[in-house]
Every structure is written in C-alpha cells, then in structure tokens.
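Asks: I have a structure I would like to understand better, so I am pasting it below and will then ask my questions one at a time.
The values are calculated or read from the model by the stated rules, or taken from the named source; none is laboratory data. Because the structure is predicted, anything quoted here is derived from the model rather than measured. Counting neighbours? That spans all protein chains shown, and the Cβs are built from the backbone with ideal geometry, glycine included.
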Amino acid sequence: MKFHPSLLAEPEILIVQPSGHKTELWSPANPRLPEDWVAFLEQQADSIRGVYRFTGSYGAPEVTCGIRWVAEDWSKENYVFFPAAVYNGNRFRSVRVPYSPRYPEEYVKGTASPQLITDIPRLGEGSPRIQLKSGDLAFPAFGWFSAITQSAWFAWAPNPEAAHDWLWEVEELDNRIAFRVQVPGVRQSPVYRLPMMQRPTPDRGWRPVGGEGREIEVKTKFWTCKSLSEFFDEVFSLRENLRPGVPVEPQVPFSQAFTFIEEHYNRDSWRENLRLYATECNPQAYFPFSTGWCGGMIATYPLLALGSDTTRQRAGITLETFLNHAPAPNGFFYGKCTAEGKWTPDFSNDKSPYTRNWTLIRRQGDALLYLLKTASLLEHLYPNQPLPHRLLPILRRTADSFVRLWRNYGQFGQFIDQDSAKIFVGGSTSGAIVPAALVAAWKRFHEPSYLNVAEEAATLFAREFLARGYTNGGPGDALQNPDSESAAALLESYAALHSATNDREWLNLAKQTAALLSTWVMPYNFLFPSNSEFGRLKIQTLGSVFANTQNKHAAPGICTHSGSALLYLWQCTGDRRLLNLALDIARFLPQCLSRPDRPIHAQDGRPLPSGWINERVNTSDWDENLGGVFYGSCWCEVSLLLTALEFPGILIIPDTREIVLFDHVLAEWKNNTELHIHNPTNYPARVRILSDPSLLLKEFWFLNSPSIEIQPRESLNFPVFS
C-alpha cells in the first residue's frame, strides 16, 4: 500500500451549498487557488497544521477548510476505526428498522443468524463515505490498521476541546481511500438520527469576512503494526495523552450520592404490590422490572451492602420475590415483570408474534453473576444466618442451563427462547459476562463443567470477536452494533478467569479488552454550548462512556458494572493506563446526579427529581438534544451504587506515596504518616481509604477497609502509616 502521511496530506477549501452538499473549490487536485485566499500546510514529523486565510475585502461564500490524506492500493479488508463510532468500518449487513430494533424475521436463523446493524454511518453496501462530528466520537480521531501490510495510521486532534465542531470523514473508492478533517464540520444530507440516516443536514459553513482565518492542528502516527491488539494498545497510549492534568471537579461524595439514590429508590421505585424494587420508576410503565442488563438483581447487591435497615429489608424482599417468581422452567429467568405482577419474556407485548418469547442472554448472565455475588455478600454480612430459601439450588440450576446451552450449540447466542432455551438469534458477545458468572458458580459449587465452559466460551469470544476488533450484543436494543457494554463484560470475565486460574493468557486477553474498552471512554472535556443544560452546569465529560454505535451518546458509567475489573487488572500488571481509566469512569459519575441544590433539567424544562441520573451525555446531535437529557431515571444509578461499593474513595500507592482520589474529596500529605483530607462539598462524606492496593485482588476487600466521616467544608487528618 502506497502511503506516507507526511507526503500525502493536502490542504482543501470547499464551498458549502445551501443544501449542505460540498463542491470542491481548491485542492491539489484542482490546483488553481482562487483570489482572496491563502492556504498552506506546515508539516513536522508528527504534526500537521493547516492555515487558511481569506484576504478579500468582502464576504466569501460559505466554505469549510480541511486536510486530506490519501492512500493508494487500498484494500477493503483493512480495518477502519473512529473511537466509539466505527469498528472495522462498520462493514456489517445493515437494516432500516425503527427503534427499539428487532431482528427482521427473515434473518432469525438460530446459530446461522447473520450479524445485523442498524442504518448507521458505515462503509460498504453502496455506502462509500462516513462523516462524523467530533462529538460523535469518544475523542476526535480516526485511523486504520492493515494486516496485509502490517502497518497502521492514526490521526487525532491534540487539543480535542477546541475540535468540538470539526468533521472527521473517510471516503473509500475502489483501491483508494481518503481521510479528511474539516472545520467547521459540514455533513452532507442525510445525517444520522436514531436509528437511521434520515435527516437533512443542519450544518452550515463558514462565511469569512476580510482578513479572517482558520487553523487546524492534527497529530499523526504511522507505524509498523502486526495485529489489532497492538493497534488498540497504541491507541490506548495515545488516548492517555489527551487526558487533562486535573480530575473532574468535586461535586458530591460517593456516600451522599448513594444516599440520594437510595432515597429515590425508596420514594420512586419500591412497588409494594409487586414486593420489589422496580427498575423503572415510571408508574405507567408496562414492564416496571427487568432482569439483569439495566439493574434488576444487580442493584440488590449494593443496596444490601450499604443500605439503611429499611433498604436492606426491601432489597431482601426483592430477592425473595425474584426467587419465587422469576425462575423459568428451563432454568433461566423471565426477562420482565408486568405492572400486574406477571413474569414474562422480554418482548411479550410486541406486536410481532415471532419475538414475544425472546429473552436476551446478557440478562441471564448478569442475574446469575450478581445473585452469586449477593449470596457471598450475605454470608459475609450475616455469617450466622442461612441464605434465603432456594437461592443456591436456583443458581446452580441456572449455571447448569448455561452449560447445557453451550453443549447444545457451542455458543450462548444473543436471544433465546424463554421456554425451550432454543437459540433464536445466534452469534455476538451478548453472553460476554457469562464466563464471569460461571467462574463464580465454579467457586461456589466446585462443579468442573462450569470452569470448563467458561474457558471455552472466553476463548471463542477472543477468537471470533476480540481478535476482529469489536464486541457486540450487550444491549438488547441495538441489534448487533459494536458496543462498550459487552467489552466491559468481557473484561470482567477475563479478570475472573485469571483470578481463578492464574493463567497469564487470561491476563493478556484482559489487557487487550481493556484497550478496546478505552476507545469508548472520553479522555477530555467536551465544550458544550453555553445555552445547553450541560453547558450551564459546566459538566466535564472526562470518563463518560459511549454506549454503542447506534445510540450515539456517552453515559455516566458502564452499563451495568462499576469497572472494578480495571483495578484488579492494574494491580496485576502495574499498567498505569488501567488505573487512570478506572479513575476517570468512577469520578465522572456523581456529576450527573440530580440533587436538591443542583437539579438537572430535562429538555421539556422539568427538573429531574433528587437521586435521578439520566443516561444521556449528549455530545452529538443524534437526538437533537445536544448537551441535554430527557425526563427519565436510568441504569446509571446502579453503576454509581456499584462504584460507591466496589471502589476506594482514596487510594494510596505506597511505593510512590501517590494519592489517587476516586471520591469527590481532596487530600495531601500532612507529614510522612498522615493525610490531610478536605471535603469541599456541601454534603457529609464517608470516605473509604485503601493504603494497601494488593487488597484489590481479594473479594469483598471493601467490607474491612477503614473509612472516615468528614463534615461539609471541613478537614481532618488521618493516620495512614504508623
């Protein structure tokens, strides 16, 4: 492949027509530079600066200025990548379906089901171009990897906040490809709006007056690269360089955030008639409870660990209700519970009968893992009390069902029949969390088949998905679009397998998965419009996590885990990037909590009630609500509950005496043995302090870790070393 970025970068000026289509005004392909324009590139080894200046006395037509890189002898087998938006060029079969998408019936072929994505920006299938704004991406960048030439190229904005209105474009024609960065970004119609390309472009060009100019600075790297794992490892390191030097500003301590959410659960989510905590607090919801995925039987775990007496009692009742009604005849769990208390498959109210008995396999894995965690937690908290009746037999039966599913099909699939466990839609990494659940079952029941199937499944996921540079099937509302949820789940599984076997292969795969996961996490603070809700609140996006390539927004936290596997992996490897990634994700969360002194207002003007967190961190206009949220309570609350439980507030690294602040407090060394800790918030803080990071390798380390109470705006000294 003939390519060298320092030789093939070209400056461009493009006219923007009112329809949003662009006409080339000047480039090396059309070398006559019009009057009243100066345009040139300044190139160094790893940096290109484009300078554009209008020198005329009168206004010019609307234009956009840019830089283009061209590669010849291009193969469509090469891997094209945009962080959190494009994986392998999104070269998958696409269907145009409304939200919430279901597999069209003609593609429901069991284990032979093709991978389908929704109508998102992609290459292939008559779609030679992808155009995305910076806010569509976890960070403004794009690149490629070629297994054929064993090489890779990556370009990124070194100051991503300043690149908020840029366009990142790739155009692929036969054996040639062009990558282009433009400012201001002007997409051609139609542009993406959930869940398909369907909207006229709202973008406008720049109409300069005399003497005005624009500049673009882009860094690039071209290197020898043998595999996708090497590519993502390098992108992980480049991403690290974009992180600001200071963490997210303190907002509210983890302990108080937990209290706000707990109060909201008892105020809005407790359903006395159903005898459970609902996962949907809307009183009109047809399905107030969902198993797994967005919180059902996940939230119970932190509520039992840290909740008040009332909360623990209700969480215990929720557990009993689930055990009494959720287990289905085949050993799995019903996916939903209706407002009348009927336990059903996930889509039992669908108009199309062929989907009514489906259940998402990810739901089943989530439920098994967190119920096993809950069983162990209860034994630690109440060693003299028996576990709830039937809990362990039910969990063993579910683990057996996963083994049977694997033995029957050689995979877990994505959607299975709620009654027969027949796979309706196969493929995907929807079951990425299942190996972690089976490892927990193996530790509990000592059944060798659980560990064997966990290892076999994790190996398949590595070969069929991780090695191809994406995971998918985590959400139940995005077909098989690449997503972050399944990547986070797969990381949990590889960490669990390493913990159980001490086999370094699982550690290596965990590191590869963490690098992939990092591409979904924002490493910088996006510049929201000042008149948006997030602009008004000065939300800092460092650590927010993009969901998938269909639902083009970042979110507070991982759906639906704390990300504690990153801490485990950091302790095993010493790789500081992993600790920083965990820090960014955890510290971001409390910003998005609506609270009495800082309510967050929805797009319709209503304030979210105290304790609510909405899933939207809208850095793009995909739902025409840039910097805003809808009126709704979401799964992110569960992520914060888990973070408050499974993360330290302050971590001390003894060798360097570094202080890592996950919680929203400040700390510095007073002397060689004491920390001076300050609570800068308006709320009391109960801060867990961990001075021995090796404890992160132990289960339930947080139950015995020392904590301190600090009043609002007060400070105290805490002895760390004797």
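Asks: I need the full set of residues from region 388-419 which are more than 29 Å from the chain's Cα centre (by Cα) and within 14 Å of Thr355 (Cα to Cα), in order please.
Replies: Listed by number, the list holds a single entry, Asp419.
Asks: Among all residue pairs at least 6 apart or on different chains, which show Cβ distances below 6 Å where the first residue, located in region 707-722, is surrounded by 15 or more Cβ atoms within 10 Å (Cβ to Cβ) and the second is in a loop (DSSP other than H, G, I, E, B)?
Replies: Close Cβ pairs (under 6 Å, with a partner that is in a loop (DSSP other than H, G, I, E, B)) amount to Ile710/Asn679; Val720/Ser691.
Asks: Among the numbered criteria (1) within 30 Å of the chain's Cα centre (by Cα); (2) within 19 Å of Phe287 (Cβ to Cβ); (3) among the hydroxyl-bearing types (Ser, Thr, Tyr), which one does Thr321 miss?
Replies: Going through the list (1) within 30 Å of the chain's Cα centre (by Cα); (2) within 19 Å of Phe287 (Cβ to Cβ); (3) among the hydroxyl-bearing types (Ser, Thr, Tyr), Thr321 breaks only (1).
Asks: Please go through (1) buried (at least 16 other Cβ atoms within 10 Å of the Cβ); (2) in contact with a Phe, Trp or Tyr (Cβ under 8 Å, 6 or more places away or on another chain); (3) not acidic (Asp, Glu) for Leu695 and return the number of the only condition it doesn't satisfy.
Replies: Result: Leu695 fails condition (1) only.
Asks: Another question about this same structure. Here is a check on your reading of the model: is Ala39 out of contact with any helix residue (DSSP H, G or I) (no Cβ under 6 Å at 6 or more places or on another chain), aliphatic (A, V, I, L, M) and within 25 Å of Thr118 (Cβ to Cβ)?
Replies: Criteria not met by Ala39.
Asks: Follow-up. Of the residues that make up region 179-193, is at least one out of contact with any helix residue (DSSP H, G or I) (no Cβ under 8 Å at 6 or more places or on another chain), basic (Lys, Arg) and closer than 26 Å to Leu479 by Cα?
Replies: Yes: region 179-193 contains one or more residues that are out of contact with any helix residue (DSSP H, G or I) (no Cβ under 8 Å at 6 or more places or on another chain), basic (Lys, Arg) and closer than 26 Å to Leu479 by Cα.
Asks: Also, quick follow-up: Given Asp366, Asp400, Asp419, which one is more than 24 Å from Asp503 (Cβ to Cβ), charged (D, E, K, R) and not in a helix (DSSP H, G or I)? Full working, then the answer.
Replies: Values: Asp366 fails: not in a helix (DSSP H, G or I); Asp400 fails: not in a helix (DSSP H, G or I).
One residue alone meets the criteria, Asp419.
Asks: Farther than 30 Å from Asp119 by Cβ, hydrophobic (A, V, I, L, M, F, W, C) and in contact (Cβ under 8 Å) with a residue 24 or more places away in the chain: is that true of Trp69 in this structure?
Replies: no
Asks: Follow-up question, since we're still on this one. Please state which one of Gly535, Gly426 is in contact with a strand residue (DSSP E or B) (Cβ under 8 Å, 6 or more places away or on another chain) and either more than 30 Å from Glu379 (Cβ to Cβ) or touching a residue at least 24 places away in the same chain (Cβ under 8 Å) (or both).
Replies: Gly426
Asks: Specify the residue that is farthest from Thr573 (Cα to Cα); the eligible residues are those in region 679-705 that are of a type in the set (Phe, Trp, Tyr) and in contact with a helix residue (DSSP H, G or I) (Cβ under 6 Å, 6 or more places away or on another chain). Let's see the steps before the verdict.
Replies: Taking region 679-705 first, the residues of a type in the set (Phe, Trp, Tyr) are 683, 700-702.
After this cut, where a residue has to be in contact with a helix residue (DSSP H, G or I) (Cβ under 6 Å, 6 or more places away or on another chain) as well, the list is 683, 700-701.
Working: Tyr683: 36, Phe700: 21, Trp701: 19 Å.
Among them, the one singled out is Tyr683.
Asks: Return the pair list, or none, for Cβ contacts closer than 6 Å from residues in region 683-701 that are under 24 Å from Pro590 (Cα atoms) to residues that are part of a loop (DSSP other than H, G, I, E, B) and of a type in the set (Val, Ile, Thr), at least 6 apart or on different chains.
Replies: Tyr683/Val252; Ala685/Val665; Val687/Val665; Ser691/Val720
Asks: Within the set of pairs 6+ apart or on separate chains, which have a first residue in region 272-286 that is among the polar types (S, T, N, Q), a second that is surrounded by 14 or more Cβ atoms within 10 Å (Cβ to Cβ), and C-beta atoms under 6 Å apart?
Replies: Pairs found: Thr279/Phe289; Thr279/Ser290; Thr279/Cys294; Thr279/Gly295; Thr279/Gly296.
Asks: If a residue must be closer than 23 Å to Leu583 by Cα, of a type outside the set (S, T, N, Q) and out of contact with any strand residue (DSSP E or B) (no Cβ under 8 Å at 6 or more places or on another chain), how many such residues does region 628-646 contain? Spell out how you get there, then give the answer.
Replies: Residues of region 628-646 closer than 23 Å to Leu583 by Cα: 634-646.
Remaining after also requiring of a type outside the set (S, T, N, Q): 634-638, 640-642, 644-646.
Then keep just the ones that are out of contact with any strand residue (DSSP E or B) (no Cβ under 8 Å at 6 or more places or on another chain); that gives 635, 638, 641, 644-646.
Qualifying residue count, region 628-646: 6.
Asks: Phe289 - would you say it is touching a Gly at 6+ places or on another chain (Cβ under 8 Å) and either of a type outside the set (Val, Ile, Thr) or crowded, with 16+ Cβ neighbours inside 10 Å (or both)?
Replies: Answer is yes for this residue.
Asks: On to the next question. Kindly indicate whether any position in region 306-325 is surrounded by fewer than 23 Cβ atoms within 10 Å (Cβ to Cβ), modelled with pLDDT under 95 and over 23 Å from Phe702 (Cβ atoms).
Replies: no
Asks: Taking the conditions exactly as written (touching a residue at least 60 places away in the same chain (Cβ under 8 Å) and among the polar types (S, T, N, Q)), does Ser100 satisfy them or not?
Replies: Answer is yes for this residue.
Asks: Which one is nearest to the chain's Cα centre (by Cα) among residues in region 244-273 that are among the hydrophobic types (A, V, I, L, M, F, W, C) and either buried (at least 19 other Cβ atoms within 10 Å of the Cβ) or outside any loop (DSSP other than H, G, I, E, B) (or both)?
Replies: Val248
Asks: Follow-up question, since we're still on this one. Of the residues Ala152, Ala112, Ala147, only one is among the small types (Gly, Ala, Ser), more than 23 Å from Gly627 (Cα to Cα), buried (at least 21 other Cβ atoms within 10 Å of the Cβ) and more than 22 Å from the chain's Cα centre (by Cα); which?
Replies: Every option except Ala152 fails the conditions.
Asks: While we're looking at this one, here's another question. Please work out which residue is farthest from Leu372 (Cα to Cα), limiting yourself to region 490-536 and to residues that are of a type in the set (Ser, Thr, Tyr) and more than 16 Å from the chain's Cα centre (by Cα).
Replies: If we take residues in region 490-536 being of a type in the set (Ser, Thr, Tyr) and more than 16 Å from the chain's Cα centre (by Cα), then Ser530 is farthest from Leu372 (Cα to Cα).
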